[in-house]
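These notes concern the structure reproduced below.
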Amino acid sequence: MRLGIPERLAGASLPRRLIWLNLLRLGVLTCLLVMTGYPATLARFGLGTESSRLALGALAASFAGAGVLASLLRKGRYLVEIALAQLVLDQLIWTVFVYLTGGVGSAATLFYGLTCLAGAITAGVRGAWIAAGAATAAYATLTAAVAFRFIRGPSDQNEAFFTTRLDDIQYHFGVNLLGIVVVALLAAYLAERLRLTGGKLEEAEERALRAERLAVLGRLASGLAHEIRNPLGSISGSIQLLATNRLLGDEDRKLCLIIQRETARLNDLVADMLDLTRGRRPERIDVDLVATVKDVVLLASGSGRGVSDVIVQYSGVDGWLPVSADPSQLRQLIWNLVRNAVQASSPGDIVEVSVHQPADGIVELAVADRGAGIDDEAASKLFDPFFTTRSHGTGIGLAVVKRIADEHGFAIDVKSQKGNGATFIVRMGGAIAEPATVDR
């Protein structure tokens, strides 16, 4: 986030908006230039009256600002900052035209509001208020200068057309200031609504894409599960029977264990694919979270790497701690998180599984590892099906976690630093479902 502006507005769509707004600005300036330069072609290049010279100077400054913005658009650097500076410059230019077209009571104050709208389109709420603040400061300065007679109307204009009476100045200042504030409020409101609507639309598109992927995966999983599991069962049973043969040597027994481990891994992969695509609605009851977590920790400690080189341990509250969840799906969520942490760990590492109750109605489950952590590129795709950072990973386990969490209304946060492990936090109970986030 830069200058408090949402990243979505500071992203790829911003250059396109700036290009269109710059073209519109150039069109308006060209019309003003033609209108200003017409009177006797500025007295045959003598640059004509004082009003003409001031107008040409203001237009030249505005054209220069538009040229700077156009050149920086090609470089793609400091786009938001330059856009905001351009808004301020535009309000100063309009103040010159307000002065030239009647002073405080000029109808050219309309341009202030248009720039507030342009600020909202360019940089959201912040842009609208920066444009409004610049307009208010410039217009107030002009009003004070006229009221205290620091400046008078252009020498070539009739003094009667220039607002100089104090009552008129106060009236026009109040009305125009109110107009600037109202336009800024409306522009800011519309910009915020657009941001929220755009975010919801983006989230809906992401969910639709995920649903399409799951549908494809479901058809694939349904077709392959039966064909894969039957031979896997035969292989596993045959190897177990073969391992009981007393004539086998130590090397042969090691090979049998490898085959058993790999068939179990393939069976887990098929189970994960089916879990990801079933889409069964959770049947909620009060489940003892602490007891479920301890069961999963005990199971993980007695299987796979939990037996050999990774320590899986529990910490946190003890005793009955109910949460409203589907028992089998909750167990699957915890198991997948623990398995993911074990797979991300190095030999000798500890996987810490904990349960806390930081606030009324909120229960937090945390699974922490001391692995390689999550980098910026992986953070945005962490829960996508088939995305994995490991050479032997499938990218399905965390996708199952996200699906179960979404169906239960749980919120998932991930705290990670590259090289310092990751902690997955699931908030249950009073939690409101939100997109998963990665904190650094």
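Each value in this text was obtained by applying a stated rule to the coordinates, not by laboratory testing. Note that the structure is predicted; figures quoted are calculated from it, not measured. Don't worry about glycine lacking a Cβ; one is built from the backbone with ideal geometry, like all the others, and counts go over all protein chains shown.
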Practice task
Apply 1/(1 + (r/R0)^6) to the Cβ-Cβ distance of SER238 and ALA378, taking R0 = 45 Å, and write down the FRET efficiency to the nearest 0.05.
Solution key: 0.70
Practice task
Determine, for each peptide in 65-71, 362-368, the mean count of other beta carbons within 10 angstrom over its residues, then list the peptides with the highest first.
Solution key: 362-368, 65-71
Handout entry: chymotrypsin sites (Phe, Trp or Tyr not before Pro) restricted to DSSP loop in segment 83-190 with at most 15 other C-beta within 10 Å
Key = PHE148, PHE150
Practice task
Run through the DSSP bridge list for segment 281-439 and note the antiparallel percent, rounded to the nearest 5.
Solution key: 70
Exercise for the section: Can you tell me which of 339-346, 415-422 comes out highest on packing, and rank the rest after it, using the mean Cβ neighbours within 10 Å? Expected result: 339-346, 415-422
Handout entry: Stokes-Einstein translational diffusion, segment 281-439 - Kirkwood Rh over all Cα pairs, 0.692 mPa s, 37 °C, in µm²/s
Key = 210
Handout entry: ALA64 versus PHE387: modelled label distance in nm, points set 7 Å from Cα along the beta carbon direction
Key = 4.7
Fill in the blank from the handout: Loop-resident trypsin sites (Lys or Arg not before Pro) in segment 97-155 with no more than 14 other Cβ atoms inside 10 Å, DSSP not H/G/I/E/B, are ARG149, ARG152
Practice task
Subtract the Cα-Cα distance of ASP286 and ASP360 from 0.36 nm times their separation in residues, and report this length gain in nm to one decimal.
Solution key: 25.0 nm
Fill in the blank from the handout: In nm, the gap between the two label points placed 7 Å beyond Cα toward Cβ at VAL182 and ARG265 is 7.0
Practice task
State, to one decimal in nm, how far the label point of ASP156 lies from the label point of GLN170, with both points 7 Å from Cα in the Cβ direction.
Solution key: 3.5
Practice task
Measure up LYS294/LYS418; LYS294/LYS402; LYS381/LYS418 against 24 Å on the Cα-Cα distance and list the ones that go over.
Solution key: LYS294/LYS418
Handout entry: Estimated FRET transfer efficiency (LYS254, GLN313; beta-carbon r; R0 25 Å; 0.05)
Key = 0.30
Completion exercise
Checking rank on 408-414, 309-315, with mean other Cβ inside 10 Å and highest first, the result is 408-414, 309-315
